[in-house]
Amino acid sequence: MSAKRGAIHAVVLAGGAGERFWPASRRAKPKPFLRVLGGESLLDATLRRARAFAGPDRVWIVCGHEHAARVRRESGLPAARVLVEPRRRNTALAIAWAASRIRAEEPEAVMAVLPADHHVPDRRAFAAAIRKAARAARAEPVLVTLGVAPTRPDTGYGYIQQAAAIGPRHPGLYRVRRFVEKPDARRARAFLKGGRHRWNAGIFVWRADVLLQEIAVCAPDLHRALAPLRRRPRTRQRATIDGVYRRAPSLPVDVAVLERSRNVWTLPVAFAWSDVGTWERLAEELIPRGKGNVVLSGEVLAQRSNGNLILGEKRLIALLGVENLAVVDTGDVTLITKLDHSPDVRRFVAELTAQGRSELT
């Protein structure tokens, strides 16, 4: 791979559990592998977005050890481009590890961080936004986060409050005043009305070296844990990586770095976006408002039923006179919930875990 000043690397984060998509999403088959929006998995769709702006040798995935073989097989990436986490430690460490590896190969590289389980229908608009953010990140020692225009007063998302515009050097970018984690309904309505808040999509663009510098300032505990990677950034020794993961704090990058840094900008974007975080969010993507049912898989017989989302396997699912439900039958588990209650599904996972029912989680 030839070096190119400021080349963009895509880092896809595929380590989440997707517990709110239980029982379809399990430890053995987490959310990024689900094919719930057409013929390709969420991971496949993310990789297609990544390859629209990053060269074929500049796409990386960070994943858990349980799914490393499948990630390598389905992504087609070389083994060196799949960073396998020995344990879960949230996004700050995953991103820092990728930044360390990228900086070792290309000291001035820009990295774009993408969750593996989002839905962005307009790939061209997405790639254009990443390139625009990358131009700013090449020129300035800043951390850029994409801010999605909110379409509803959602209490399940974090928000970014915009401050002043950067100016003519970087048109369309703004300083970030603050981050707000999952506001209550009253504040979410005020954010929507005020027009100065954006959804925090968890999509970030920065130079790898700048991110590591900001970690040193904002997250000293994480910086100390990364010491072995500073000495040997390209190491693939399991003992070294496991030691880093045992010592590092478990924090999202927003909390560890972005909320503490004074060098955060945001690029507001207007393209459609969803984290597809719950069965309700998936239904909103697929079901025209107030019309019809969506059958993701299986055999369904529905009468006088509307607005339902159904995923089945071998058994017939029959619906009579019901509305706005998620019905998910995986053979060993059947979940039936009102769509607007689906954010609470992860409580079932917690309860099953507490009961030792690992075969169902």
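The values are calculated or read from the model by the stated rules, or taken from the named source; none is laboratory data. Because the structure is predicted, anything quoted here is derived from the model rather than measured. Using ideal geometry, Cβ is built from the backbone for each residue, glycine included, and neighbour counts are taken over all protein chains shown.
Among the numbered conditions (1) assigned to a strand (DSSP E or B); (2) touching a residue at least 24 places away in the same chain (Cβ under 8 Å); (3) buried (at least 19 other Cβ atoms within 10 Å of the Cβ); (4) not aromatic (Phe, Trp, Tyr), the only one that ALA283 does not meet is (1). The residues on offer are ARG131, ARG101, ARG87, and the sole one that is assigned by TED's automatic domain parsing to the domain that holds LYS29, modelled with pLDDT under 95 and not in a strand (DSSP E or B) is ARG87. Each residue in region 257-273 was checked for being surrounded by 21 or more Cβ atoms within 10 Å (Cβ to Cβ) and part of a strand (DSSP E or B), and 5 pass.
Quick one: would you say ARG234 is basic (Lys, Arg), modelled with pLDDT under 95 and over 19 Å from the mean Cα position of the chain (by Cα)? Taking the combined requirement at face value, the residue satisfies it. Which residue out of LEU222, LEU251 is modelled with pLDDT of 95 or more, in the same structural domain as ALA45 (by TED's automatic domain parsing) and either outside any helix (DSSP H, G or I) or closer than 21 Å to THR155 by Cβ (or both)? The conditions single out LEU251. One residue stands out in region 37-51 among those that are free of Cβ contacts under 8 Å to residues at least 60 places away in the same chain and either closer than 18 Å to MET111 by Cβ or crowded, with 16+ Cβ neighbours inside 10 Å (or both): the one that is farthest from the chain's Cα centre (by Cα), namely ARG51. Looking across region 10-32, the residues that are buried (at least 21 other Cβ atoms within 10 Å of the Cβ), not in a loop (DSSP other than H, G, I, E, B) and not basic (Lys, Arg) come down to ALA10, VAL11, VAL12, LEU13, ALA14, PHE21, PRO32. For ASP340, state whether it is acidic (Asp, Glu) and within 19 Å of the chain's Cα centre (by Cα). In short, no. Kindly check whether there is at least one residue in region 163-175 that is crowded, with 19+ Cβ neighbours inside 10 Å, closer than 30 Å to ARG5 by Cα and touching a Leu at 6+ places or on another chain (Cβ under 7 Å). Checking region 163-175: at least one residue is crowded, with 19+ Cβ neighbours inside 10 Å, closer than 30 Å to ARG5 by Cα and touching a Leu at 6+ places or on another chain (Cβ under 7 Å). Evaluated against (1) among the β-branched types (Val, Ile, Thr); (2) within 21 Å of VAL333 (Cβ to Cβ); (3) under 13 Å from the mean Cα position of the chain (by Cα), VAL12 falls short on exactly one condition, (2). Taking first residues from region 303-329 that are more than 23 Å from ARG20 (Cα to Cα) and partners that are outside any strand (DSSP E or B) and β-branched (Val, Ile, Thr), the Cβ contacts under 8 Å between residues at least 6 apart in sequence or on separate chains come to SER305/VAL322. Can you name the condition, by its number, that SER250 falls short on among (1) touching a residue at least 40 places away in the same chain (Cβ under 8 Å); (2) among the polar types (S, T, N, Q); (3) surrounded by 18 or more Cβ atoms within 10 Å (Cβ to Cβ)? Condition (3) is where SER250 drops out.
Per this entry, GLN303 is not counted among residues that are at pLDDT below 95, more than 24 Å from GLY156 (Cβ to Cβ) and surrounded by fewer than 17 Cβ atoms within 10 Å (Cβ to Cβ). In region 176-199 there is no residue that is touching a Leu at 6+ places or on another chain (Cβ under 7 Å), within 30 Å of GLY277 (Cα to Cα), in the same structural domain as ALA50 (by TED's automatic domain parsing) and buried (at least 21 other Cβ atoms within 10 Å of the Cβ). Evaluating GLU259 against the criteria (1) over 18 Å from ALA112 (Cα atoms); (2) modelled with pLDDT under 95; (3) acidic (Asp, Glu) leaves one unmet condition, (2). Residues considered: ALA54, ALA94, ALA69. Of these, the only one that is surrounded by 15 or more Cβ atoms within 10 Å (Cβ to Cβ) and either without any contact (Cβ under 8 Å) to a residue 40 or more places away in the chain or touching a Gly at 6+ places or on another chain (Cβ under 7 Å) (or both) is ALA94.
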